[in-house]
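Engineer: I am attaching a structure below and will ask some questions about it afterwards.
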Amino acid sequence: MADTKDQKQQTEADTGSITTHSSHGSIHCITIIGTIEGHQEAPEATKTTKYEHVLPQLAAIEETPDIDGLLILLNTAGGDVEAGLAIAELIAGMHKPTISLVLGGGHSIGIPLAVAAQRTLIAPSASMMLHPVRISGTVIGAPQTYEYFRQIQTRITRFIVDNSSVEESELSRRMMETGALATDVGTVLGAQEAVAMGLCDAVGTLHDALAWLHSQTKK
């Protein structure tokens with residue numbers, strides 16, 4: 001019995017997840033923090049969320065009858081685009097009540113992850129950074145490379161628009177803004193701006209997120 005408990009605690013520590021039980025039902029909480037790690041490992045000192053940990057968790061949450069809803073705590077600087085979209089697509093395809101709470105920052109590919117939930121809240125002090133797809137390292141300077149970037153950007157934009165109330169033209173304009181950031185194109189949005197733009201449903205706290213989940217999981 002002790003081994004089982006220790007294993008559970010180790011799993012929670014490794015994956016940043018926990019299931020809570022109360023009179024309102026059972027809520028599973030996962031954290032998406034640091035850099036979203038894809039097919040290549042991030043540097044050892046970098047805080048990461050590994051997509052191979054999150055994907056099976058989401059499938060298990062959807063299939064487990066004892067879990068009534070999902071809370072996603074999000075504080076990420078972005079990361080691997082395809083890994084982030086893979087996680088976001090699974091969240092968006094869930095039937096159980098899901099809510100995301102942006103804490104600190106929900107930047108870059110963190111935006112699709114935030115809007116993928118059925119309801120998206122952002123903490124009063126949090127922010128979201130919009131910018132176009134970018135890559136570091138050696139790039140082949142050929143038309144096909146830029147077409148590939150365009151296709152990725154279209155996928156991201158379409159997902160955000162389909163899962164939030166933001167206008168596509170406004171989203172694209174903010175992504176390509178040149179006067180808002182010192183060394184890059186894009187825009188940093190405060191909590192109220194993110195709500196006004198339609199990326200988030202409301203400014204809120206942990207209490208607000210749990211209250212919404214409890215309202216959706218009443219039996």
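Engineer: When the dipole is taken about the Cα centre of the chain, and only Lys, Arg (+1) and Asp, Glu (-1) are charged at their Cβ, what size is it in debye, to the nearest 20?
Structural biologist: I would put it at about 360 debye.
Engineer: Give me the distance in nm between label points sitting 7 Å out from Cα along the Cα-to-Cβ direction at Gln40 and Ile18, one decimal.
Structural biologist: 3.5
Engineer: Further question: Restrict the search to the range 37-90; then list the GluC sites (Glu not before Pro) that DSSP places in a loop and that have at most 15 other Cβ atoms within 10 Å of their Cβ.
Structural biologist: The qualifying sites are Glu41, Glu44.
Engineer: Near the amide H of Ile67, under 5 Å away, which other amide H atoms are found, from residues 5 or more places off or on another chain, if H is placed in the peptide plane?
Structural biologist: Answer set, sorted by chain and number: none.
Engineer: Continuing with this model, one more query. Find how much the distance from Ile135 to Arg173 grows on full extension, using 0.36 nm per residue of separation minus their present alpha carbon separation; answer in nm with one decimal.
Structural biologist: 11.7 nm
Engineer: Considering only protein heavy atoms and a 1.4 Å probe, what is the carbon-and-sulfur percentage of the accessible area of the range 143-191?
Structural biologist: Roughly 52 percent of what the probe reaches on the range 143-191 is carbon or sulfur.
Engineer: Out of the DSSP beta bridges found with both residues in the chain, what percent are antiparallel (nearest 5)?
Structural biologist: Here the antiparallel bridges make up roughly 30 percent for the chain.
Engineer: Any chance you could run the full-extension gain for Glu63 through Glu193? It's 0.36 nm times the residue separation minus the Cα-Cα distance, nm to one decimal.
Structural biologist: Gain on extension, Glu63 to Glu193, equals 43.2 nm.
Engineer: Once both labels are modelled 7 Å past Cα along the beta-carbon direction, what's the Thr205-Lys218 spacing in nm?
Structural biologist: 2.3
Engineer: Determine the per residue accessible area of the chain with all protein chains present and a 1.4 angstrom probe, expressed in square angstrom.
Structural biologist: 54
The values are calculated or read from the model by the stated rules, or taken from the named source; none is laboratory data. All values reported here derive from a predicted model rather than from experimental measurement. Cβ: placed from backbone, ideal geometry, glycine included. Neighbour counts: every protein chain shown. Accessible surface areas use protein heavy atoms only, side chains included; no ligands, DNA or RNA. Shrake-Rupley method; radii C 1.70, N 1.55, O 1.52, S 1.80 Å.
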